[in-house]
Each structure stands twice: as C-alpha cells, then as structure tokens.
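Trainee: Handing you a structure now.
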Amino acid sequence: MKPLIQVLGATGVGKSQVACALAGKFGAEIISADSVQVYRGFDVGTDKVDALRRREIPHHLIDIIDDCSQFNASQFLELSFHAAEQISARGRIPLACGGTALYLRVMRQGIFAENKNSDTRRQLEEEAALHGWEALWHELQVIDPVYAQKISPNDKVRLVRALEIHRHCGLSPSAAFRHSRSPFAAYTFVRVGLELDRKKLYERIDRRVERMIQKGLVAEVEALLRRHPPSCPPFKALGYKEITAYLRGETDLPTALELIQRHSRQFAKRQLSWFRQEKDIQWFDPGDLDAMARHIDACLTKKP
C-alpha cells in the first residue's frame, strides 16, 4: 500500500503552515483540497500559500482554472489521483491539505458514477422555480432523511444532484454513495486533524479576516471583477461574496468585514461537525508538530 497523508480542519486553524512543515519532514508534496484555490487570481481571500513557499515545497491543484468553469468533486478526484500517482512515482508522499471536506472524503470513498441528464436537471430547476427549493428538500427528506440532514434547502447543487441520483437509478443518495469506488484503493490514509478551543479558533478566524482586508482583498476583488462576470463560481465563496456586495454598494466595508468573520465562524462550525462524523482522524493542536510527526511516522512504519 502507498501512503497518503491528509491534513484537515476548520478554516483558519493553520492547515497550510502545518502541511508545509510536515511535507518538509516527510518528503511530501502537497495536493490542495480547496474548491476555490483552483481558480487563478483568487489569492488573498483563499489565503493561498505564497509563490516562494510553493517553489520550496511543490503544491498541486492550485491556479489550474483561468476562466469561470465549474469545478466539482468528480474533477478533483480525478486530478488528485493523477497528482498522487506522479508524486508516489517520484518516491515522495502525497499530502492532501484543505478544508473542502467533501474532496477529502471522496479520495477515500469515491463518487457514485451516476449518469447525469440535463433534462432531469432542468425539470428539477423548473420544479424549484414553481414550488421553491424547500419543497425539493422535503422530497429528499422523504427519500433519504439522513442525507437531507447533511445539506440545507439552500444547497442547490447538492440538492439537485441528490434528486438526480434517485430519479435516474431509484436509489437514495446514501445507498448510491455506498456503491462508490475510489481510485485510491491502493493507498493507505493517515488522517491528521487540527483542532483548537472554539474560542481560540474564532479569535484566529477574526484576525485572519482582518489580515485579508489589510493585504488587499478589496483591490483583488475589484481586479477580478474586471476580468470575470459576477456569476463566476468563486465569487460565491466566503470573503468574495461579501466584498462583491460591498463593491455593489449594498453595504459598507466594516459591515462586510464583520459578515465575513461571522460567516467564516459558521462555516468552521459546519466543517467540524462534518469531520466529527469520521472516526479515523487523529486530532492534534496545530502547534504540536512533534506529536503529529510521531503519529505519522508510526503509521508509515507500521507493518501491514
């Protein structure tokens, strides 16, 4: 079995710094598991590792999309596997780092390869326009109450996909996902989670958002809006949607900053709830690199 390390945790907890430190120690290359860092130019708001650090430690799946193409978990799975295979072939260890929990999960569990049908999607969108997204969510709740509790009626992408699966194959999304296959079957995963006291995490998130504003997030969004339409997917991401609203005159800057902080704290809470469902994660304080290194070393040297 080939090893693969995952470093995960809530937004703002310090994943990138820890990943770089561990990559240096174990001869790893980093695969970004972030749904927005794939877009070129969206730098400050995603807190991308700077170019110098990326030259020192190779990073993959950052700045790979120049336009407004939609990026999804299926594409991530394919590209991350290709990157991991190349990294392993060089005698190094792939290390996936990021806060997009779904991306980290599909590496281990795969994705159900349902046939997507544009007619079904259009029908679902028409039903939502007629009856509201809440009605579609209630339909999902009847079909698959467990999966319905994992998403909200406003999570339109996952809601449509879940109902597509049921209408195409008759399976609930949960049952369909159990039929998934991952290309990483030949890998053994070492999963390192980073956790802080909730109050400390929230304080760190607030300071991180303030630094983003100081580093020029507003100017970055202004420049990006000159190159891309507001419908571009990453403008819906944390930080970008609030600053876009500010630039449209819908709020002032202090309010936008406060909203980014609040939404980031709420996102962190959802991330932690997701990760807590997975029992194979070993949790550490982000400052305890020695303990993480000992754990990873023990896992890498453990005989099958």
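Trainee: Considering only region 101-117, I want to know if a residue exists there that is at pLDDT below 90 and among the β-branched types (Val, Ile, Thr).
Mentor: Yes: region 101-117 contains one or more residues that are at pLDDT below 90 and among the β-branched types (Val, Ile, Thr).
Trainee: Is there a residue in region 211-234 that is over 21 Å from Asp67 (Cβ atoms) and in contact with a Cys (Cβ under 9 Å, 6 or more places away or on another chain)?
Mentor: Keep residues of region 211-234 that are over 21 Å from Asp67 (Cβ atoms), which gives 211-219.
Of the ones still in play, those that are also in contact with a Cys (Cβ under 9 Å, 6 or more places away or on another chain) are none.
Scanning region 211-234, I find no residue that is over 21 Å from Asp67 (Cβ atoms) and in contact with a Cys (Cβ under 9 Å, 6 or more places away or on another chain), so the answer is no.
Trainee: Among the residues of region 17-43, write down those that are under 20 Å from Gln75 (Cα atoms) and acidic (Asp, Glu).
Mentor: Across region 17-43, the qualifying residues are Glu29, Asp34.
Trainee: List the residue pairs whose Cβ atoms are under 8 Å apart, where the first residue sits in region 1-13 and is closer than 13 Å to Cys299 by Cβ, the second is assigned to a loop (DSSP other than H, G, I, E, B), and the two are 6 or more positions apart or on different chains.
Mentor: Partner pairs satisfying both residue conditions: Met1/Pro304; Gln6/Ala33.
Trainee: Here's something else I'd like to know. Go through the residues of region 93-102 one by one and say whether even a single one is touching a Cys at 6+ places or on another chain (Cβ under 8 Å), among the hydrophobic types (A, V, I, L, M, F, W, C) and closer than 30 Å to Met212 by Cβ. Write out each step before concluding.
Mentor: First pass over region 93-102, keeping only residues touching a Cys at 6+ places or on another chain (Cβ under 8 Å): none.
Scanning region 93-102 turns up no residue that is touching a Cys at 6+ places or on another chain (Cβ under 8 Å), among the hydrophobic types (A, V, I, L, M, F, W, C) and closer than 30 Å to Met212 by Cβ.
Trainee: Mind listing whichever residues of region 65-81 are modelled with pLDDT of 95 or more and either in contact with a helix residue (DSSP H, G or I) (Cβ under 9 Å, 6 or more places away or on another chain) or buried (at least 17 other Cβ atoms within 10 Å of the Cβ) (or both)?
Mentor: Ile65, Ser80, Phe81
Trainee: If Val142 meets every condition in (1) of a type in the set (A, V, I, L, M, F, W, C); (2) in contact with a strand residue (DSSP E or B) (Cβ under 6 Å, 6 or more places away or on another chain); (3) in a helix (DSSP H, G or I) apart from one, which number is that one?
Mentor: The number of the failed condition is (2).
Trainee: Right, next: Tell me which residues, restricted to region 155-178, are at pLDDT below 85, surrounded by fewer than 17 Cβ atoms within 10 Å (Cβ to Cβ) and outside any helix (DSSP H, G or I).
Mentor: Gly170, Arg178
This table checks each residue for (1) without any contact (Cβ under 8 Å) to a residue 12 or more places away in the chain; (2) in contact with a helix residue (DSSP H, G or I) (Cβ under 9 Å, 6 or more places away or on another chain).
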site	(1), (2)
His166	no, yes
Ser182	no, yes
Gln214	yes, no
Glu220	no, yes
Gly239	no, yes
Thr251	yes, yes
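Trainee: Between Pro233, Pro286, which is touching a Leu at 6+ places or on another chain (Cβ under 6 Å) and over 17 Å from Glu210 (Cβ atoms)?
Mentor: Numbers: Pro233 fails: touching a Leu at 6+ places or on another chain (Cβ under 6 Å).
Exactly one residue qualifies, and that residue is Pro286.
Trainee: Which of the following residues is crowded, with 18+ Cβ neighbours inside 10 Å, within 13 Å of the chain's Cα centre (by Cα) and either in the same structural domain as Glu203 (by TED's automatic domain parsing) or not basic (Lys, Arg) (or both): Ile111, Ile93, Ile62, Ile30?
Mentor: Details: Ile111 fails: within 13 Å of the chain's Cα centre (by Cα); Ile93 fails: within 13 Å of the chain's Cα centre (by Cα); Ile30 fails: within 13 Å of the chain's Cα centre (by Cα).
Just one listed residue meets the conditions, Ile62.
Trainee: Which residues, counting only those in region 263-304, are surrounded by 15 or more Cβ atoms within 10 Å (Cβ to Cβ) and part of a strand (DSSP E or B)?
Mentor: Ile281, Phe284, listed by residue number.
Trainee: Does Val146 satisfy the condition of being among the aliphatic types (A, V, I, L, M), loosely packed, with under 13 Cβ neighbours inside 10 Å, outside the structural domain of Arg270 (by TED's automatic domain parsing) and within 25 Å of Phe42 (Cβ to Cβ)? Even if it seems obvious, please write down each step before you answer.
Mentor: On the way: among the aliphatic types (A, V, I, L, M): yes; loosely packed, with under 13 Cβ neighbours inside 10 Å: yes; outside the structural domain of Arg270 (by TED's automatic domain parsing): yes; within 25 Å of Phe42 (Cβ to Cβ): no.
No; evaluated as a whole, the condition is false for this residue.
Trainee: Suppose the filter is without any contact (Cβ under 8 Å) to a residue 12 or more places away in the chain, more than 15 Å from the chain's Cα centre (by Cα), more than 19 Å from Phe235 (Cα to Cα) and not in a loop (DSSP other than H, G, I, E, B); does Leu22 pass it? Walk me through it before giving the result.
Mentor: On the way: without any contact (Cβ under 8 Å) to a residue 12 or more places away in the chain: no; more than 15 Å from the chain's Cα centre (by Cα): yes; more than 19 Å from Phe235 (Cα to Cα): yes; not in a loop (DSSP other than H, G, I, E, B): yes.
Answer is no for this residue.
Trainee: Taking Gln6 as meeting all but one of (1) within 19 Å of the chain's Cα centre (by Cα); (2) at pLDDT below 95; (3) not in a loop (DSSP other than H, G, I, E, B), write down the number of the exception.
Mentor: Of (1) within 19 Å of the chain's Cα centre (by Cα); (2) at pLDDT below 95; (3) not in a loop (DSSP other than H, G, I, E, B), only one is false for Gln6: (2).
Trainee: Run Ala128 past the list (1) in contact (Cβ under 8 Å) with a residue 40 or more places away in the chain; (2) under 23 Å from Ser174 (Cβ atoms) and report the number of the one that doesn't hold.
Mentor: (1)
The values are calculated or read from the model by the stated rules, or taken from the named source; none is laboratory data. Note that the structure is predicted; figures quoted are calculated from it, not measured. Every residue, glycine among them, receives a Cβ derived from its backbone with ideal geometry; neighbour counts consider all protein chains shown.
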